[in-house]
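> Dropping the structure in here first, questions after.
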Amino acid sequence: MAAPRVVQTVTTWLDERVNLAEIREFVRHKVVPVHKHTVWYYFGGMTLFLFGIQVCTGILLLLYYRPSAEEAYESVQFIVTEVQFGWLIRSIHSWSANLMMATLMIHLFSVYFTQAYRKPRELTWVTGMILFGIALFFGFSGYLLPWNTLAYFATKVGTDVAGQVPVVGTLITQILRGGEDVTGATLSRFYGIHVAILPLLTTGILGLHLFLVQKQGMSVPLELEHGGRHPEAMPFFPDFFLRDLVGWLSALAVLAALAAYFPWELGVKADPFAPAPAGIRPEWYFMYMFQTLKYLPAKIGPLDGEMVGILGFNLGGLFLLLVPFLDLKAARGEENPLFFWIGVGIVAYIVVLSALGYLAPGGN
Amino acid sequence: MPRRWRPLPISLLAVPFLFLADQVEAQKLPEENSCLQCHQGLGDPRVMSPAEKFPQDIHGSKGIFCQDCHGGDPASLDPQQAMSRAKKFVGKPRHQAIPALCGKCHSDADYMKRFNPTLRVDQVQEYLTSVHGKRLKQGDQKAATCISCHDVHRIRAIKDQQAWTYPVKVVDTCGRCHGDPKYMAGYKIPTDVVAKYKQSVHYEALTKKGDLSAPTCNVCHGNHGATPPGVGSVANVCGTCHSVPAEFFAKSPHQQAFASMGLAPCVTCHSNHDVVKTGDEMVGTTDKAVCVTCHQADSGGFRQAAAMRASLDGLRESLTRATAVLDQAEHAGMEISQARFELRGASDALLKARAAIHLADAAAIQKLTEEGKQITAVAHAKGLKALEDLLFRHRGLWVSVGIIVLVIVGLVLKIREIDQRRHQERAADRRST
């Protein structure tokens, strides 16, 4: 079926100026390997789709949100009660953030377990890890913005924990808070970080990440590479793209259902002078760290227990960041059971500690 | 000429008001105090008791010892010398002399300023106006004096939780006499007041809720000037805390009516010692209502009572309805905090109407409750709107999901078609090769 005349005119106009043929050629030749692990390829696209939703809903929220301790809570209240479909936008923004963190973690560990970080995709992995760190910071900074009691005290605890980082901890806490305590100054800088600094960083690093993925194509599991078999492949467009679209639309339906049946709570406005309420807890993706710090004793040797915990998480993060350079076997194209079991340990740790955070007595 | 300090016979008896310290812990006493040394070793509990109790007494912590009340010479180990008249030893003061003995210091503003410049010094003067003081003057040896309420030799500051005068302990302090029928025989006053008070809302607030401002005996009767409030002053006594109802009552037709019948305000409806928690059922024409005690059926007052009750019930029920709708919306996840905040205005209106019952003016009550009802109507409407929105969301969701599912089905069919085409292309390729 021929494209409508307007489309043809616009395409010709663009073609004369930016040579669309090259792009068309690239899309025509882009393929996705087909094997038993192909399903994991969808999670990168799903994360990107949810990020797109974050950007769109975030921009809409910006139109009404007022970033000050006096007005933040009331402005979110106005959004969810008075603004037409404001409740939907706010709920989708919050739920989508959580789904995005889930798909991002699945994407991260699927790449880890298929050792897709190995040469020549080290940079793709490193940029992905940086994007993961940015996403965590997105979540942390966004959590405070409604300025409700739970967010306020969770931020207080979170920035206190950041203060445990050896040597520079106090400085980090002061920079994050904009002073000694969590105040309106913290809110305005978290807002700035959330809507300007992090999106700017994300744009650059995500661009590089996607460029590398396009440049190098999809990684194939080692077992297939070793077998010398050339795996089957499907054209990215339209075969893979249409499947992606099915996933995205399903995610959209889930988001709509969550927003309609479980609207994201606004809670009670933060009162810095009130005592901390019971049940303060971070978002689920920080829960394993929070729970670990609760279990640590006050002192481990000469060091504070919390400091040791934070040091451990930093080292864990550094390990993951540098894994393509540490896993020398994978770099040579060999399977590495050690790194596989380390990965299993990390996932098990995160799952168990997070579950304990919600289920253990006093955990919730 | 500055007054020269002489040892005063004080401490044996009690000091009416002791604001000197928060709490007196067992203190270090002078080692060479012969009074304490001898009394501790005499073997007779009656004479040993002062020495055993005194380490917890606030006076010792301020440098005031036995000789300051009893005279004598604590430096001498010879009992004849230590308790000689020459050394101004007075022994155990007479019961009637106790207020004056305590007052020698506690009524002396210059002296008391050394310890605390804000201390009152009129306690003895006030005591003399009390029933206790008057009876003592008449020679009643059972009349309470300073030590009856403040203890003796172990006098504590009133802020000390172990003091007999600490708010939660006052009722038992007064009850030692006023709750003892044998002791009070002959005075012709009831001795069930302590038991009754312990059933009251005031006692509950004081002991269970820990509200130390809740009234106990001395708050209504006075402490040093303790007297039963007369019929004419009851409203003023209750009004010191319940000022709004007292003000309304003063403007009501009941003020004049009660006075002419010799009925005390407040307590006629609420009782005195066993004041229980009030409720709307106290108003109206049912059996539980206090109005029907005086107002007979079909009288003007009876109709007013019925109308007042109807107004209260109307507002309370509309408040309950509005709250229920908001609760339902909130449980469904809707944001209704603003409506809930506004609904507080209706709760306030109900509170005001309940206080205004003391005006005994049905029209005034109706005006107040109508204001409250307007607020509940707005909140109720907001709750219903939230529930409607919720329904709209759910319907909208299913419409959206339906559209999405249709698109997904279309996409899946398209994917199948493409897959089949690819399969056929590959089969054709294989055949051609």
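> Could you list, in sequence order, the residues of the range B:408-433 that are open to solvent by 70 Å² or more (accessible area, probe 1.4 Å) and not charged (D, E, K, R)? Talk me through it step by step, then tell me what you get.
Step one: list which residues in the range B:408-433 are open to solvent by 70 Å² or more (accessible area, probe 1.4 Å), which gives B:409, B:413-414, B:416-417, B:420-421, B:423-426, B:429-433.
Within the range B:408-433, B:VAL409, B:LEU413, B:GLN420, B:HIS423, B:GLN424, B:SER432, B:THR433 meet the criteria.
> Here is a further query. Return a yes/no flag: does the range B:332-350 have any residue that is outside any helix (DSSP H, G or I), more than 14 Å from every other protein chain (Cβ to nearest Cβ), open to solvent by 50 Å² or more (accessible area, probe 1.4 Å) and in contact (Cβ under 8 Å) with a residue 24 or more places away in the chain. Talk me through it step by step, then tell me what you get.
Applying the first criterion (outside any helix (DSSP H, G or I)) to the range B:332-350 yields B:332-336.
Checking the rest, the ones that are also more than 14 Å from every other protein chain (Cβ to nearest Cβ) come to none.
No, the conditions are met nowhere in the range B:332-350.
> For B:PHE248, are the conditions met, namely being free of Cβ contacts under 8 Å to residues at least 60 places away in the same chain and among the aromatic types (Phe, Trp, Tyr)? So that I can check it myself, show each step before the final result.
Numbers: free of Cβ contacts under 8 Å to residues at least 60 places away in the same chain: no; among the aromatic types (Phe, Trp, Tyr): yes.
In short, no.
> State all residues of the range B:403-433 that are more than 20 Å from A:LEU242 (Cβ to Cβ) and either at the interface with another protein chain (Cβ under 10 Å from one of its Cβ atoms) or not β-branched (Val, Ile, Thr) (or both); if no residue qualifies, say none.
Our first condition is that a residue be more than 20 Å from A:LEU242 (Cβ to Cβ); within the range B:403-433, this holds for B:427-433.
Answer for the range B:403-433, where residues must be more than 20 Å from A:LEU242 (Cβ to Cβ) and either at the interface with another protein chain (Cβ under 10 Å from one of its Cβ atoms) or not β-branched (Val, Ile, Thr) (or both): B:ALA427, B:ALA428, B:ASP429, B:ARG430, B:ARG431, B:SER432.
> Looking for whichever is at pLDDT below 95 and in contact with a helix residue (DSSP H, G or I) (Cβ under 6 Å, 6 or more places away or on another chain) here; the options are B:ALA332, B:ALA379, B:ALA427. Which one fits? Spell out how you get there, then give the answer.
Numbers: B:ALA379 fails: at pLDDT below 95; B:ALA427 fails: in contact with a helix residue (DSSP H, G or I) (Cβ under 6 Å, 6 or more places away or on another chain).
Going through B:ALA332, B:ALA379, B:ALA427 in turn, just one is at pLDDT below 95 and in contact with a helix residue (DSSP H, G or I) (Cβ under 6 Å, 6 or more places away or on another chain): B:ALA332.
> Being over 24 Å from B:GLU52 (Cβ atoms), open to solvent by 50 Å² or more (accessible area, probe 1.4 Å) and not polar (S, T, N, Q) is the filter here, so list the residues in the range B:139-183 that pass it.
Correct list: B:LYS142, B:HIS178, B:ASP180, B:PRO181, B:LYS182, B:TYR183.
> While we're here: Kindly provide the set of residues from the range A:248-280 that are assigned to a helix (DSSP H, G or I), facing chain B (nearest Cβ under 7 Å) and surrounded by 16 or more Cβ atoms within 10 Å (Cβ to Cβ), ordered by number. Write out each step before concluding.
Of the range A:248-280, the ones assigned to a helix (DSSP H, G or I) are A:248-261.
Retained after the next criterion (residues that are facing chain B (nearest Cβ under 7 Å)): A:249-250, A:252-253, A:256-257, A:260.
Across the range A:248-280, the qualifying residues are A:LEU249, A:LEU252, A:ALA253, A:ALA256, A:ALA257, A:ALA260.
> If you scan the range B:252-284, which residues turn out to be surrounded by 15 or more Cβ atoms within 10 Å (Cβ to Cβ) and more than 24 Å from the chain's Cα centre (by Cα)?
Looking only at the range B:252-284, we keep the residues that are surrounded by 15 or more Cβ atoms within 10 Å (Cβ to Cβ), and these are B:252, B:254-255, B:258, B:263-270, B:272-275, B:278, B:280, B:282-284.
Once the filter is applied, which keeps residues that are surrounded by 15 or more Cβ atoms within 10 Å (Cβ to Cβ) and more than 24 Å from the chain's Cα centre (by Cα), the range B:252-284 yields B:SER252, B:HIS254, B:GLN255, B:PHE258, B:LEU263, B:VAL283, B:GLY284.
> While we're looking at this one, here's another question. Tell me yes or no: at least one residue of the range A:181-188 is within 24 Å of A:PHE109 (Cα to Cα) and part of a helix (DSSP H, G or I).
no
> Output the residues belonging to the range A:330-345 that are buried (at least 16 other Cβ atoms within 10 Å of the Cβ) and assigned to a helix (DSSP H, G or I). Lay out the reasoning, then the answer.
Initially, the range A:330-345 is screened for residues buried (at least 16 other Cβ atoms within 10 Å of the Cβ), giving A:330-331, A:336, A:339, A:342-343.
Hits for the range A:330-345 are A:ALA330, A:ALA331, A:PHE339, A:ILE342, A:GLY343.
> What's the number of the condition B:GLY63 fails, among (1) outside any helix (DSSP H, G or I); (2) touching a residue at least 12 places away in the same chain (Cβ under 8 Å)?
Only one criterion in (1) outside any helix (DSSP H, G or I); (2) touching a residue at least 12 places away in the same chain (Cβ under 8 Å) is unmet by B:GLY63, namely (2).
> When you scan the range A:53-144 for helices (runs of 4 or more DSSP H) that lie fully inside it, which ones turn up with 3 or more residues that are within 14 Å of chain B (Cβ to nearest Cβ) and surrounded by fewer than 21 Cβ atoms within 10 Å (Cβ to Cβ)?
On the way: elements: A:72-81, A:86-113, A:122-144.
The helices (runs of 4 or more DSSP H) meeting that bar are A:72-81.
> Can I ask one more? Need a quick list: helices (runs of 4 or more DSSP H) entirely within the range B:198-262 having at least 3 residues that are at pLDDT 90 or above. Walk me through how you get there before you give the answer.
On the way: elements: B:201-207, B:217-221, B:234-239, B:243-251, B:253-261.
Ranges flagged: B:201-207, B:217-221, B:243-251, B:253-261.
The values are calculated or read from the model by the stated rules, or taken from the named source; none is laboratory data. This one's a predicted model, so the numbers in the text were calculated from it and none came from an experiment. Neighbour counts run over all protein chains shown; Cβ positions are idealised from the backbone, glycine included. What goes into the accessible areas is simple: the full protein's heavy atoms, side chains included, and nothing from ligands, DNA or RNA. Shrake-Rupley method; radii C 1.70, N 1.55, O 1.52, S 1.80 Å.
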